[in-house]
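Engineer: Below: one structure in structure tokens.
The values are calculated or read from the model by the stated rules, or taken from the named source; none is laboratory data. Just so you know, these numbers come straight off a predicted model, no measurement behind them. Methodologically, a virtual Cβ is constructed for each residue, glycine included, from the backbone with ideal geometry; neighbour enumeration extends over all protein chains shown. Quick note on the areas: whole protein, heavy atoms, side chains included, nothing else; ligands and nucleic acids left out. Shrake-Rupley method; radii C 1.70, N 1.55, O 1.52, S 1.80 Å.
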Amino acid sequence: MAASGAKVGRRMVAIDAVRGFIMVCMAVDHVRETFFLHHQVTDPMDILMVSPGVFFTRLVSEICAPVFILLAGLSAWLYGQSHTKSDVSSFLIKRGLFLILLEVTVVNFGWTAKFPPDTLWLQVIWCIGLCMLALSALIYLPRALQIAVAIIIIFGHNLLDGVTLSEQSPFFPIWAILHQRAYLAPIDGIKIHVTYPVLPWIGVILAGYAIGPLFARDSSPERRQSILISMGLGLLAMFVLIRYANVYGEEPWMHGQDILHTLMSFLSTKKYPPSLMFLLPNIGLGLLLLAGFERIDRTKFSEVLAVLGGAPMFFYLLHIYVLKILYLCAVGIWGLTQGNVFGFEHLWAIWVWVPLLVIPLYFPTRWFSRLKQRRRDLWVLKYF
């Protein structure tokens with residue numbers, strides 16, 4: 001029994017540690033978005049306009065959304081190991097609606113500091129909420145069909161790239177939410193921007209749910225790690241082959257002025273909505289991270305990351321508000337140093353500020369994570 005408990009602990013620590021690692025990568029990008037806005041990036045990143053330093057700093061964070069949404073699906077499957085399918089579906093619906101509400105209120109205000117806002121940005125938290133609503137129905141499909149649907153969406157959605165609807169079409173709002181990044185009709189003068197079209201992400205969360213049996217209580221860690229490594233390397237190899245062929249899943253890459261810029265073009269992939277070439281390497285890396293962190297589950301590094309990953313929504317909300325406060329304080333002290341924004345002059349300042357942000361926030365996140373474990377009677381804590 002103790003051995004079985006140890007196996008369960010190892011797989012859960014690994015999942016939380018990967019989620020925590022993702023939160024740190026996310027912090028890198030959000031520090032950049034807060035203090036380096038004068039060097040804005042495009043989607044995909046334009047190698048003619050973006051310096052290599054900014055390009056690769058941005059690239060660090062591209063793993064975040066694919067792996068976080070993949071783990072959301074995996075977590076739903078794990079929740080189902082101690083609950084009925086009806087309970088899982090109900091929880092996904094309630095949490096999905098909660099996340100959507102959180103996005104348009106608390107999260108949006110944290111980014112803009114405006115009330116009422118000029119624009120509602122429907123970003124990753126909103127996207128995860130919609131994915132959970134979709135998953136609440138998809139969990140009733142047979143597992144083989146779940147796998148097939150996930151593969152069809154992830155590999156096939158780029159076939160829809162040529163389908164664009166005008167605002168006059170009655171189907172425009174639905175299509176904008178699913179696959180066409182656009183502004184919806186304003187409400188009371190407030191613009192609504194769909195930043196994260198949701199269709200490809202539904203495939204990702206369903207894929208996370210479908211790999212759940214690898215993490216069953218009685219599963220072999222060695223077999224799980226072997227399969228995760230094989231799938232991860234396979235997805236990375238698939239990315240290199242398809243991307244090199246320049247035939248599908250992304251705008252063609254080009255030879256740049258040197259090897260570095262050619263590599264940048266090769267790695268520049270579309271996130272909004274995520275192309276196949278965006279998803280393959282990032283999901284592949286996520287699977288490798290799951291295998292790797294399970295092997296180092298007893299290290300202090302893994303334990304620290306697992307704390308951040310154990311309360312990801314708390315850390316997410318906390319860090320965006322702290323960043324906004326720091327930015328407003330910087331503007332108040334030094335003014336607008338980069339045109340119409342305050343910004344760091346040098347890129348290395350971003351990398352200095354990331355640990356200065358993450359390390360202090362570790363302690364309140366640890367407190368909240370322990371509170372979640374101690375007060376399971378407080379149902380609202382489950383949503384964070």
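Engineer: Can you pull out every residue in segment 259-272 that is part of a loop (DSSP other than H, G, I, E, B) and either without any contact (Cβ under 8 Å) to a residue 12 or more places away in the chain or open to solvent by 40 Å² or more (accessible area, probe 1.4 Å) (or both)? Steps first, answer last, please.
Structural biologist: Taking segment 259-272 as the starting set, the residues that turn out to be part of a loop (DSSP other than H, G, I, E, B) are 268-270, 272.
Within segment 259-272, Lys270 is the sole residue that qualifies.
Engineer: Could you tell me whether any residue of segment 130-138 is over 20 Å from the mean Cα position of the chain (by Cα), modelled with pLDDT of 95 or more and assigned to a helix (DSSP H, G or I)? Steps first, please.
Structural biologist: Of segment 130-138, the ones over 20 Å from the mean Cα position of the chain (by Cα) are 137-138.
After this cut, where a residue has to be modelled with pLDDT of 95 or more as well, the list is 137-138.
From the residues that got through so far, the ones that are assigned to a helix (DSSP H, G or I) too are 137-138.
Yes, there is a match, as at least one residue in segment 130-138 is over 20 Å from the mean Cα position of the chain (by Cα), modelled with pLDDT of 95 or more and assigned to a helix (DSSP H, G or I).
Engineer: Under 6 Å between Cβ atoms, which residue pairs at least 6 apart in sequence (or on different chains) link something in segment 177-192 that is among the aromatic types (Phe, Trp, Tyr) with a partner that is in a strand (DSSP E or B)?
Structural biologist: Tyr183/Lys191; Tyr183/His193
Matching residues to (1) open to solvent by less than 20 Å² (accessible area, probe 1.4 Å); (2) aromatic (Phe, Trp, Tyr); (3) part of a helix (DSSP H, G or I):
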| site | (1), (2), (3) |
| --- | --- |
| Phe278 | yes, yes, yes |
| Arg298 | no, no, no |
| Phe301 | no, yes, yes |
| Leu317 | no, no, yes |
| Val322 | no, no, yes |
| Gly343 | yes, no, no |
| Ala349 | yes, no, yes |
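Engineer: Please go through segment 351-360 and give me each residue that is open to solvent by less than 90 Å² (accessible area, probe 1.4 Å), out of contact with any helix residue (DSSP H, G or I) (no Cβ under 6 Å at 6 or more places or on another chain) and under 14 Å from Phe21 (Cα atoms), ordered by number.
Structural biologist: Of everything in segment 351-360, just one residue is open to solvent by less than 90 Å² (accessible area, probe 1.4 Å), out of contact with any helix residue (DSSP H, G or I) (no Cβ under 6 Å at 6 or more places or on another chain) and under 14 Å from Phe21 (Cα atoms), namely Pro355.
Engineer: Still on this structure, please answer the following. Please specify each residue of segment 324-341 satisfying the condition of being open to solvent by 30 Å² or more (accessible area, probe 1.4 Å) and among the β-branched types (Val, Ile, Thr).
Structural biologist: Initial filter on segment 324-341 (open to solvent by 30 Å² or more (accessible area, probe 1.4 Å)): 324-329, 331-334, 336-340.
Those that are open to solvent by 30 Å² or more (accessible area, probe 1.4 Å) and among the β-branched types (Val, Ile, Thr): Ile325, Val331, Ile333, Thr337.
Engineer: Is at least one residue of segment 120-142 farther than 22 Å from Phe68 by Cα, open to solvent by less than 40 Å² (accessible area, probe 1.4 Å) and of a type in the set (S, T, N, Q)? Break it down into steps so the answer makes sense when it comes.
Structural biologist: Residues of segment 120-142 that are farther than 22 Å from Phe68 by Cα, as a first pass: 120, 140-142.
Applying the additional criterion that residues be open to solvent by less than 40 Å² (accessible area, probe 1.4 Å) yields 120.
Adding the requirement that they be of a type in the set (S, T, N, Q) leaves none.
There is no residue in segment 120-142 that is farther than 22 Å from Phe68 by Cα, open to solvent by less than 40 Å² (accessible area, probe 1.4 Å) and of a type in the set (S, T, N, Q).
Engineer: For segment 47-67, state whether one or more residues are more than 13 Å from Leu347 (Cβ to Cβ), in contact with a helix residue (DSSP H, G or I) (Cβ under 9 Å, 6 or more places away or on another chain), surrounded by fewer than 21 Cβ atoms within 10 Å (Cβ to Cβ) and modelled with pLDDT under 95.
Structural biologist: Yes, the conditions are met somewhere in segment 47-67.
Engineer: A further question on this structure: For segment 167-210, enumerate the residues that are small (Gly, Ala, Ser) and open to solvent by less than 60 Å² (accessible area, probe 1.4 Å).
Structural biologist: Of all residues in segment 167-210, those small (Gly, Ala, Ser) come to 169, 176, 182, 185, 189, 203, 207-208, 210.
Within segment 167-210, Ser169, Ala176, Ala182, Gly203, Ala207, Gly208, Ala210 qualify.
Engineer: I'd like to check something: does segment 14-29 contain any residue that is in a loop (DSSP other than H, G, I, E, B) and farther than 19 Å from Leu318 by Cβ? Break it down into steps so the answer makes sense when it comes.
Structural biologist: Looking only at segment 14-29, we keep the residues that are in a loop (DSSP other than H, G, I, E, B), and these are none.
No: segment 14-29 contains no residue that is in a loop (DSSP other than H, G, I, E, B) and farther than 19 Å from Leu318 by Cβ.
Engineer: Of a type in the set (A, V, I, L, M, F, W, C), open to solvent by 40 Å² or more (accessible area, probe 1.4 Å) and outside any loop (DSSP other than H, G, I, E, B): which single residue out of Leu233, Leu228 fits that description?
Structural biologist: Values: Leu228 fails: open to solvent by 40 Å² or more (accessible area, probe 1.4 Å).
Of Leu233, Leu228, the one residue that is of a type in the set (A, V, I, L, M, F, W, C), open to solvent by 40 Å² or more (accessible area, probe 1.4 Å) and outside any loop (DSSP other than H, G, I, E, B) is Leu233.
Engineer: Go through segment 239-258 and give me each residue that's surrounded by fewer than 17 Cβ atoms within 10 Å (Cβ to Cβ) and within 24 Å of the chain's Cα centre (by Cα). Give the derivation first.
Structural biologist: From segment 239-258, those surrounded by fewer than 17 Cβ atoms within 10 Å (Cβ to Cβ) are 240-241, 244-248, 251-252, 254-258; that's our starting set.
Scanning segment 239-258 gives Val240, Tyr248, Glu251.
Engineer: Then there is this: Scanning segment 78-92 for residues that are touching a residue at least 40 places away in the same chain (Cβ under 8 Å) and surrounded by fewer than 16 Cβ atoms within 10 Å (Cβ to Cβ), which turns out farthest from Ser136 (Cα to Cα)?
Structural biologist: Applying the filter and picking the extreme gives Gln81.
Engineer: Asp43 passes all but one of (1) touching a Phe, Trp or Tyr at 6+ places or on another chain (Cβ under 7 Å); (2) closer than 23 Å to Thr195 by Cβ; (3) not in a loop (DSSP other than H, G, I, E, B); which number fails?
Structural biologist: With respect to (1) touching a Phe, Trp or Tyr at 6+ places or on another chain (Cβ under 7 Å); (2) closer than 23 Å to Thr195 by Cβ; (3) not in a loop (DSSP other than H, G, I, E, B), Asp43 is out only on (3).
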